[in-house]
Amino acid sequence: MESALRPYDLGPTQWYVLYQLATVGPTAQRDLVRLLQVERATLSGVVAALVRKGLVAQATDPTDQRQKRLTITPAGAALWRELPDPIALIHSVAFDGVPPADIETTARVLRAATGRLADHLSEGNET
């Protein structure tokens, strides 16, 4: 993913922020912390870099003055249209030639295992 984005001077988390803003639309910055599962300080640095590059605009949320709302700028939208899809690239390299039924089985098993692990941890268990 990083090698596909490097020519565009973007990192993976920056790509995910642009993805959210380009496909979903304006988003509260606090919501991105949860969606991307990153620390608030990490996201602040990512957003600051995107704002400096002119790809994202950050404004006070009209419904909650304490919060920031992010939107993609025209320059960000133009860049988004040029960007390769690194997820599709990873998918094609990793799964080329693997039957779709095998991929679905693997995804189903991993989703179930991840859900059980998350439930286990939410019950206060360490391991």
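With the checklist (1) assigned to a helix (DSSP H, G or I); (2) touching a residue at least 24 places away in the same chain (Cβ under 8 Å); (3) aliphatic (A, V, I, L, M) in hand, flag the one item residue 10 doesn't pass. Result: residue 10 fails condition (1) only.
Could you please find all residues in the range 59-100 being in contact with a helix residue (DSSP H, G or I) (Cβ under 7 Å, 6 or more places away or on another chain), under 19 Å from residue 3 (Cα atoms) and either in contact (Cβ under 8 Å) with a residue 40 or more places away in the chain or part of a loop (DSSP other than H, G, I, E, B) (or both)? Correct list: 79, 80, 83, 84, 86, 89. Scanning the range 40-54 for residues that are under 20 Å from residue 1 (Cβ atoms) and free of Cβ contacts under 8 Å to residues at least 40 places away in the same chain yields 42, 43, 45, 46, 47, 49, 50. Condition check: farther than 29 Å from residue 118 by Cα, acidic (Asp, Glu), out of contact with any Leu (no Cβ under 9 Å at 6 or more places or on another chain) and open to solvent by less than 40 Å² (accessible area, probe 1.4 Å). Does residue 64 satisfy that? It is true that residue 64 is farther than 29 Å from residue 118 by Cα, acidic (Asp, Glu), out of contact with any Leu (no Cβ under 9 Å at 6 or more places or on another chain) and open to solvent by less than 40 Å² (accessible area, probe 1.4 Å).
This table checks each residue for (1) open to solvent by 60 Å² or more (accessible area, probe 1.4 Å); (2) charged (D, E, K, R); (3) closer than 16 Å to residue 76 by Cβ; (4) at pLDDT 95 or above.
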{"residue": "6", "(1), (2), (3), (4)": "yes, yes, no, no"}
{"residue": "11", "(1), (2), (3), (4)": "no, no, yes, no"}
{"residue": "14", "(1), (2), (3), (4)": "no, no, yes, yes"}
{"residue": "17", "(1), (2), (3), (4)": "no, no, yes, yes"}
{"residue": "20", "(1), (2), (3), (4)": "no, no, yes, yes"}
{"residue": "34", "(1), (2), (3), (4)": "yes, yes, no, no"}
{"residue": "37", "(1), (2), (3), (4)": "yes, no, no, no"}
{"residue": "46", "(1), (2), (3), (4)": "no, no, yes, yes"}
{"residue": "53", "(1), (2), (3), (4)": "yes, yes, yes, yes"}
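Would you check which residues across the range 22-32 are under 29 Å from residue 92 (Cα atoms), open to solvent by less than 20 Å² (accessible area, probe 1.4 Å) and among the aliphatic types (A, V, I, L, M) and list them? First the steps, then the outcome.
Let us first name the residues in the range 22-32 that are under 29 Å from residue 92 (Cα atoms), namely 22-25, 32.
Now drop any that are not open to solvent by less than 20 Å² (accessible area, probe 1.4 Å), which leaves 25, 32.
32, the sole residue that qualifies.
The values are calculated or read from the model by the stated rules, or taken from the named source; none is laboratory data. Keep in mind the model is a prediction, meaning the values are calculated, not measured. Cβ: placed from backbone, ideal geometry, glycine included. Neighbour counts: every protein chain shown. Please note that ligands, DNA and RNA were not included when accessible areas were found on the heavy atoms of the full protein model with its side chains. Shrake-Rupley method; radii C 1.70, N 1.55, O 1.52, S 1.80 Å.
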